[in-house]
Amino acid sequence: MLSVLRWLSRRSLRFLHALGGALGWGVYALSPSYRKRLQANAALAGVTPAQRRQSVAEAGKMVMESLRLWLRPADQPIADPVRWDGNEIIDQCLDEGRGLLFLTPHLGSFEITAQAYAQRYGQRQPITVMYRPARHRLLRELEERARARPALETVPATLGGIRQMLRSLKRGQAVGLLPDQVPPKGLGVWAEFFGKPAYTMTLAARLAQQSGAPIVLAWCERLPGGRGFHLRLSRLAEALPAEAADAGALQQAQARVINRAMQALILQCPQQYLWGYNRYKSPRSLPGADP
């Protein structure tokens, strides 16, 4: 199986996207639960039928392009062109020396964001990103090897991983999170996401507050015809609240600000969001925590 995946990883991006589009529709046709969830989540956000249909194929493209990103040799650059928009924000943040907190939704080619940063800015400051380890052992080992790159470190969504990210920020380095990912139980609050309560991580706001690091929003559009990617960067439009009636109210207010920021990014290109992601599920227990 690994040899097949490696063979695929060497095909052109155009080929992989064509194959991925078919894969996306295959999964959509064969999984009633996935199909129902995608339709319901997209409807909540007011996504048009045409955009929703396109998102089915785009989800498959994301899977196939990940092979090209993950399985290339660690010392080789990203094979396809990445166009940057707003990279002066990174320069400004790194010059300040307070670290840098990237927030990226499950939008477009989100896997490429950290790799593109590490390739362009890693010599100035490395980046640490948090991920949720796959349950299957072989996939988990492949994931860990493939995501490890020069100037790019990955940490699991555990208490140890959280501490490591905070240390990285305090050293002036960059870290990256997917704030629309459902966090473990105890690390989030229920806050509206496209009009429906979703368990939302408090980690992003906590890291920013404890480190003083600026928040940068990032998302990477998948260009048509296998032409590469367009990485867009922007500042957080609303300042994170610093005060509220109590700690719980403050976490709620901060989570709502971050959710609104993610919604604004997603609505820039709703056809490339992973609407099939189970955003409204109940959280799982934190790995390593006491039951």
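Is there a residue in the range 68-75 that is open to solvent by 50 Å² or more (accessible area, probe 1.4 Å), of a type in the set (Asp, Glu) and at pLDDT 95 or above?
Among the residues of the range 68-75, not one is open to solvent by 50 Å² or more (accessible area, probe 1.4 Å), of a type in the set (Asp, Glu) and at pLDDT 95 or above, which makes the answer no.
Output the residues belonging to the range 125-150 that are assigned to a loop (DSSP other than H, G, I, E, B) and modelled with pLDDT under 95.
Hits for the range 125-150 are ARG132, PRO133, ALA134, ARG135, HIS136, ALA148, PRO150.
Would you point out the residue of the range 1-47, among those that are among the β-branched types (Val, Ile, Thr) and within 22 Å of ASN278 (Cβ to Cβ), that is surrounded by the most Cβ atoms within 10 Å (Cβ to Cβ)?
It comes out as VAL47.
ALA40 fails exactly one of the following numbered conditions: (1) touching a Leu at 6+ places or on another chain (Cβ under 7 Å); (2) more than 25 Å from HIS230 (Cβ to Cβ). What is the number of that condition?
Going through (1) touching a Leu at 6+ places or on another chain (Cβ under 7 Å); (2) more than 25 Å from HIS230 (Cβ to Cβ) one by one, ALA40 breaks only (1).
Tell me yes or no: at least one residue of the range 80-94 is of a type in the set (Asp, Glu), open to solvent by 60 Å² or more (accessible area, probe 1.4 Å), more than 27 Å from SER234 (Cα to Cα) and touching a residue at least 40 places away in the same chain (Cβ under 8 Å).
no
I need the helices (runs of 4 or more DSSP H) fully contained in the range 1-64, keeping only those with at least 2 residues that are of a type in the set (Phe, Trp, Tyr).
Qualifying helices (runs of 4 or more DSSP H): 13-30.
Does ARG260 qualify as being among the basic types (Lys, Arg) and either buried (at least 21 other Cβ atoms within 10 Å of the Cβ) or farther than 26 Å from GLY46 by Cα (or both)?
no
Do we find a residue being farther than 21 Å from LEU169 by Cβ, crowded, with 21+ Cβ neighbours inside 10 Å and out of contact with any strand residue (DSSP E or B) (no Cβ under 6 Å at 6 or more places or on another chain) anywhere in the range 240-252?
There is no residue in the range 240-252 that is farther than 21 Å from LEU169 by Cβ, crowded, with 21+ Cβ neighbours inside 10 Å and out of contact with any strand residue (DSSP E or B) (no Cβ under 6 Å at 6 or more places or on another chain).
In the range 149-168, how many residues are crowded, with 18+ Cβ neighbours inside 10 Å and in contact with a Lys or Arg (Cβ under 8 Å, 6 or more places away or on another chain)?
2
Confirm whether GLU221 is of a type outside the set (Lys, Arg), surrounded by fewer than 18 Cβ atoms within 10 Å (Cβ to Cβ), assigned to a strand (DSSP E or B) and touching a residue at least 40 places away in the same chain (Cβ under 8 Å).
Here the answer is no, as GLU221 does not meet what is asked.
Among the residues of the range 184-217 satisfying the criterion of being β-branched (Val, Ile, Thr) and in contact (Cβ under 8 Å) with a residue 60 or more places away in the chain, which is surrounded by the fewest Cβ atoms within 10 Å (Cβ to Cβ)?
Restricting to residues being β-branched (Val, Ile, Thr) and in contact (Cβ under 8 Å) with a residue 60 or more places away in the chain, the top hit is VAL189.
For ARG53, indicate whether it is under 22 Å from the mean Cα position of the chain (by Cα), surrounded by 13 or more Cβ atoms within 10 Å (Cβ to Cβ), touching a residue at least 40 places away in the same chain (Cβ under 8 Å) and more than 20 Å from LEU265 (Cβ to Cβ).
no
The values are calculated or read from the model by the stated rules, or taken from the named source; none is laboratory data. Since we're looking at a predicted model, the values are computed, not measured. Note that we place each Cβ from the backbone using ideal geometry, even for glycine, and neighbour counts take in every protein chain shown. Remember, those area values only see protein heavy atoms, side chains included, never the ligands or the DNA or RNA. Shrake-Rupley method; radii C 1.70, N 1.55, O 1.52, S 1.80 Å.
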